Amino acid sequence: MTQNSYTLILIVDDEAKNINLMSELLSQAGYSVMSAQDGFKAVAACRVRLPDLIILDIQMPLINGLEVRKMLKSDDRTAKIPIIFLDQKTNVMNLTNKNQLNHQEILYKPFDPADLLARIQFVIENKQLKDELSKQANKALIVNEFEENNPIKSERYLKEFLLMSLKQSKRYKVDLSILLIGLDNAQLISDNLNSSQYQELINAVGQKISLGLRDSDVISLTGASEYTIVLTHTNKNGAIEVAERIRNSIMKTTFLLSTEQLKVTVSIGLCQYIKEMNDNVDLLISHAKMALTQGLKANGNITLMAE
């Protein structure tokens, strides 16, 4: 899907030797490369020439990689640039807990050059796929006019994205997982709210969930009180990490509706794609659905993984 010579990658690292090594590797692979040795220069470079992808070291002087990401996200021009983080594994544990960074977003040093190239190809094609699906969705009127900027995508968008993501996972041998999230005691909550209040709650929960996701992930409302999330480049351990972060975030949140204040919990079923599933989207979803159903039938507020 990508044409390397038209793909511009920004490398951000405070060590010149790391920049030189990665620049040589990416140039040999046919990519166009620019670089910056601190976060402020990286942000300035993005505003002059927009890269297709950023390889961003977390541990840097002046401002670290996570602060750079925050600055980029605050500007509409740079908010959607995909990022691959680099760090030593021993350094990143406290940062992930503090800043809710998913381990699946990080390539740990020292890394295999082939792993970096595969990750770059996957992330770029993933971004192109999402952009193309948004264009198709708007042209076909399969979503409302706000979908492009709405984190909650249509079911059709999600199904197309999941199908293409499965093919990418097979091609590049990278992990893919899905989460199914259900509102606990949904019927009881619905009975105690009017229809507009209940829809307001469902929208608020969805928006809260979306805040904990990466740009490369997709969330859709796939039932009256059920959300489906596609987690790209994420194995079962990473999916459990994301699911538990979401579950705890919802549990700790008081949702402020127009006329109500409400606390709710969710149950989550998850499944990692395995090659035996081939391109069967429904099989992947059904496995996660069984895990979710089991959680909802128990006491709720739980994450279960489909085996």
Quiz item: Here are some conditions: (1) assigned to a loop (DSSP other than H, G, I, E, B); (2) surrounded by fewer than 17 Cβ atoms within 10 Å (Cβ to Cβ); (3) at pLDDT 90 or above. M71 meets all but one. Which one does it not meet?
Solution: (1)
Quiz item: Looking only at region 271-282, which residues are aliphatic (A, V, I, L, M) and surrounded by fewer than 15 Cβ atoms within 10 Å (Cβ to Cβ)?
Solution: I274
Quiz prompt | The one condition in (1) under 24 Å from K127 (Cβ atoms); (2) assigned to a strand (DSSP E or B); (3) not β-branched (V, I, T) that L304 fails to fulfil | solution = (1)
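Residue-wise test of (1) in a helix (DSSP H, G or I); (2) within 20 Å of the chain's Cα centre (by Cα); (3) surrounded by fewer than 19 Cβ atoms within 10 Å (Cβ to Cβ); (4) of a type in the set (D, E).
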| position | (1), (2), (3), (4) |
| --- | --- |
| A239 | yes, yes, no, no |
| A243 | yes, yes, no, no |
| T259 | no, no, yes, no |
| G269 | no, yes, no, no |
| L284 | yes, yes, no, no |
Quiz prompt | Subset of region 33-65 (residues that are surrounded by 15 or more Cβ atoms within 10 Å (Cβ to Cβ) and among the small types (G, A, S)) | solution = S35, A36, G39, A42, A45, G65
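The values are calculated or read from the model by the stated rules, or taken from the named source; none is laboratory data. Please read these numbers as outputs of a predicted model, since none were measured by experiment. Cβ sites come from the backbone with ideal geometry, for glycine too, and all protein chains shown count toward neighbours.
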